[in-house]
1. In this structure, does residue A:378 turn out to be more than 10 Å from chain D (Cβ to nearest Cβ) and within 16 Å of ligand 2 (Cβ to nearest atom)?
2. Determine whether residue A:311 is more than 16 Å from ligand 2 (Cβ to nearest atom), more than 11 Å from chain D (Cβ to nearest Cβ) and more than 21 Å from the chain's Cα centre (by Cα).
3. Say we look at segment A:57-80 and pick out the residues that are more than 16 Å from ligand 1 (Cβ to nearest atom) and within 14 Å of chain D (Cβ to nearest Cβ); which of these is surrounded by the fewest Cβ atoms within 10 Å (Cβ to Cβ)?
4. Tally up the residues in segment A:391-429 that are within 9 Å of ligand 1 (Cβ to nearest atom) and free of Cβ contacts under 8 Å to residues at least 24 places away in the same chain, please.
5. In the list A:533, A:563, which residue meets the criterion of being closer than 25 Å to residue A:300 by Cα and surrounded by fewer than 21 Cβ atoms within 10 Å (Cβ to Cβ)?
6. Any residue in segment D:85-108 that's assigned by TED's automatic domain parsing to the domain that holds residue D:41 and in contact (Cβ under 8 Å) with a residue 12 or more places away in the chain: show its pairings with residues that are outside any helix (DSSP H, G or I) and within 16 Å of ligand 4 (Cβ to nearest atom) at Cβ separation under 7 Å, as long as the two are six or more apart or on different chains.
7. Taking the conditions exactly as written (under 30 Å from the mean Cα position of the chain (by Cα), more than 14 Å from every other protein chain (Cβ to nearest Cβ) and part of a helix (DSSP H, G or I)), does residue A:581 satisfy them or not?
Ligand code: HEA
Ligand code: HEA
Ligand code: CUA
Ligand SMILES: [Cu+2]
């Protein structure tokens, strides 16, 4: 391989990116060195196993990925605004929508949600950490290294360009010989390990680490949604692991799972991909549902309407989510029986989802609705998601889907559910739990500006796309002709995209502004909250709870406040905490090295990386570190400063 | 607090909080493994018969070799169970003996499997030959790789046992690795049935 | 918590029985496959059924799935995994067997 | 609140605009019975969905207006309502009823679309093999012995049976005015009935992403009267024959102009049976005589075949290409 093939060359945009990446790196290194922060970085962040810090790192990485994916989106919108635009050529456009889709779903939506889960779940169930803090760090670092591996494809070797769904034969070696597709396979594989571990970790955490007295049916609803999401993760991700591995074998080792030659079966990829892919979309929506439930209940000052129905409906969704995958390829001609079956199972999901929608509405009913930023996001979710959901049901009607499939109607559907579901939830959750992460609130005024601009932009961008779809505009075309008559709606869409971009920039400014000027929290309960995370002090001490709280029902903290138990004083006991470890970040770096080697088929490098991974595992296995105890004096010290 | 909660009868591996957490976590991991192998089986069934004019399984599979592999693994699962039995009687010696036998059986299973693979490749059926053989090698190979990992892992645990004796920590590790080992036998039962037996009969 | 290990101090009956059963079941499956003369479909059904029984024996008798305070979670996990396994395997075969009829 | 209302207005406005049959919305402006069934299904579902959307939006707006926190209002502490079995049954049952109302016509239409359109079922369908090749469309009329590239002519009021396949990447054959799409796959055959009710020019395209040249992988469909069609067929039959060399050129990645030939490639390859053809052409591999190699058709008998094919592709080297062709032109 020559150097000019190794680095992506010949495009001013990419040179610009090269320069800015290099400058940022140099800047970061300089700042860290100048302020002598290397040690701080290592001990406080890189080696931490504290769920709150890992959560914060997840969220920060996700916001960065939202930026990257968003820039991709705006580039696409720029190209599509007018017919026959020459801003991007076909190859670039294809790379951009591929990285946009992949990054947004795998490296933005999921980590954002998992980040908030990390921050909140142990606090909500009155635990001091997750069940496996060390594994939690491994999860984060493998996600991070997987994401980085995927992202460097942009400057080294070239990006994948076969869509986030990577259908073969197109994504096979024969038709996509460049290394881009390898980045997709290995980036997702490495990040997938982390996600699977997260699923196991949160499942056990929620099942086993709840505060005494908290029965399953008394868990906060966000905890429930995380539990169910974890179940889906545990059973869906192995399917992706296998699918990715098989394609990797095809591309690197000459096997014939999905090839055109020697009996391979390309459609099998689509089948396996969607067996994972459909549950995946519920992985990114259920935690969102959970967050909306918490926020709506808090700011309506009412307990959640139909708590049990909310739980059961999620259970039903989780079960059904594994029985609908074929709706992504109704047009494969699998026959009337198959299409009818999967049409009906898909439609059925509307029932439990509808139950949730109406339960939210009736939580608001007779409430005292306070329009905080977090609440605004949660409220806007309801009408917007219903639009996305009912158009999903329209897609589920196989006979009609033959006309919608692969068009902008579909693009509109999934942005409606993904953005008004997942992204709104991330923003809502970010505003809501921000005080728990950084001990100050985000500025409400700026928050509302972001909200109105983004929501307006969102609807302006994606509503016209339904009509573009009905007008016959296929997805994934890098341009169209003037005669197609698709321009006016595309102009609207681009304007909407720009508005969303502005909204996002205001959010970023808000983060900075609030860091500088927002008053620090004193009570730990800024919103008059209902669940246990609001019972922790401000800032949240690293051991979370000085006393393990006692739970007497759903909305545990609300009840405690009403009964006047919120600020009880009891004698402290020493607290056991896990120790930090550098192993996760090092192990994940070896994963990265190994993956990078595989991308370029440098087998010495991938083997060396794997040996590194195994070595770190062995080291871990021989490590009998049992953590440490926080003494009573230290607890007292902490509790005084925070009271 | 652990000591108070549990009677002295409680097996060591369940006596610590970590022990209980990790064992449950490992069961969930096994659930994920079931999903993983299911996907491989599904792939295998779909690609079954797609030999692209190359060698077909029925002419290469042999009952004898497969039965030997099966009985080796079945027996190793049994001896692994005995090892746990002795561990629960606090007999370190029995534990070492039976785990040692388990590992030996596992290694011979691997030996036979590798021999089998080499034989197939020699006969012109390799990973790259056709879709069918890709599916065959990846399904059985993933199982084989798990067995190899299991052997290495258990060997590491044996070293730790030697260093530390039976403690809640080491017994937890032994117990979890035994779950893993039995699980590999479960997977093999299905490989035996679906790949070899049906492959020869159909 | 369920402490099933009365076997602690004496002969490991459950292991031995489990082992014997799995050998018998394996040989029986072999017989069904080669000697029983059943139709192909029946062979598949019976043989897969036998494999499931054997798997259950391993899970319960060797792996102590049903012991410990978490047995319901453990059993639940495995049952849910079974649901996934069936959905994935049967579903995939069903969906991917299309097209054949057209040719 | 204003926003919500204006959004509602927007939705209403847009739906009126759609239901009014704006001719720009190709999918809702069907030119044949297949597209028409689908358009009807779509309009029916839009109706039901609008009902749901309106119910939710109205409830939502009313509740937000009524129960918003008022600065001046009384200090009101909301009641904690755990739920209501009655209400929950209502909003489980009504959606189920709506879904049944959607599912029945859906399933009916799914099955209906597998057959030729009812009204013309008595007529003999025109059979056209449509093959997608990166990034062009090859059409074969086996009965008429015509092959075209990137365009077709069809008679009106007669069912057309498209037999779809792909030479390489998976495509999707779509003529929105005439009906929904279906995938084209190598080594697979899918079938799609379409029909045009009136003469006209329609646009067809590949709608499943196939890489660099995807956006321009389009073709035109000319629907005309039986007489015009017959005339076109005769004209086309005068065109030169398609040679295998010429065809193999088409197998290379790239676009192509419209072309017409008076023989079809089905004489030497059917991509629905042979997934490997295009790959072999591109890599200069020898082309098989029996094009069953690698397709499904030989699943069962491959076991019984004598196993000299065993040795894989290398052994076919001695068949020279020219020999291949000779045998083929004879065998058909
Ligand atoms: C967060 C992610 C998310 C969510 C929640 C959903 C939810 C749903 N999706 Fe969507 N979907 C995607 C993300 C998501 N989807 C993505 C990313 C793709 C495309 C991937 C790609 O190809 O790149 C896709 C594609 C997709 C397709 C494939 C279309 C095609 O390729 O041609 C289909 C088809 O059935 C579908 C259906 C549905 C349905 C029925 C729901 C349901 O769950 C919706 C249920 C909700 C409601 C219905 C609203 C509330 C209910 C009521 C108010 C009650 C009353 C309602 C009725 C009785 C109808 N989706
Ligand atoms: C959670 C997932 C998610 C999210 C949040 C988004 C967000 C957006 N998406 Fe995306 N999208 C997908 C998931 C998502 N998308 C997927 C899965 C696909 C399918 C991919 C495939 O086909 O394979 C897709 C495809 C897709 C397409 C279709 C491409 C095609 O088929 O040809 C389009 C077209 O408009 C689009 C647009 C947008 C826009 C405008 C946003 C906006 O919401 C983005 C908001 C914008 C920002 C947050 C910008 C922030 C940055 C700045 C303000 C910086 C400005 C500076 C410069 C421009 C230098 N997306
Ligand atoms: Cu599958 Cu033909
Ligand atoms: Cu889906």
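The values are calculated or read from the model by the stated rules, or taken from the named source; none is laboratory data. These numbers were taken from a predicted model, which means no experiment stands behind them. We place every Cβ from the backbone using ideal geometry, glycine too, and count neighbours over all the protein chains shown.
1. Values: more than 10 Å from chain D (Cβ to nearest Cβ): yes; within 16 Å of ligand 2 (Cβ to nearest atom): no.
The answer is no for residue A:378.
2. Yes.
3. This residue is A:79.
4. 1
5. A:563
6. Final answer for the pair search is D:102/A:397; D:106/A:397.
7. No; evaluated as a whole, the condition is false for this residue.
Yes or no, residue by residue, for (1) touching a helix residue (DSSP H, G or I) at 6+ places or on another chain (Cβ under 6 Å); (2) surrounded by fewer than 24 Cβ atoms within 10 Å (Cβ to Cβ); (3) in a helix (DSSP H, G or I):
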| residue | (1), (2), (3) |
| --- | --- |
| B:114 | no, yes, yes |
| B:119 | no, yes, yes |
| B:134 | no, no, yes |
| B:141 | no, yes, yes |
| B:156 | yes, yes, yes |
| B:159 | no, yes, yes |
| B:169 | no, yes, yes |
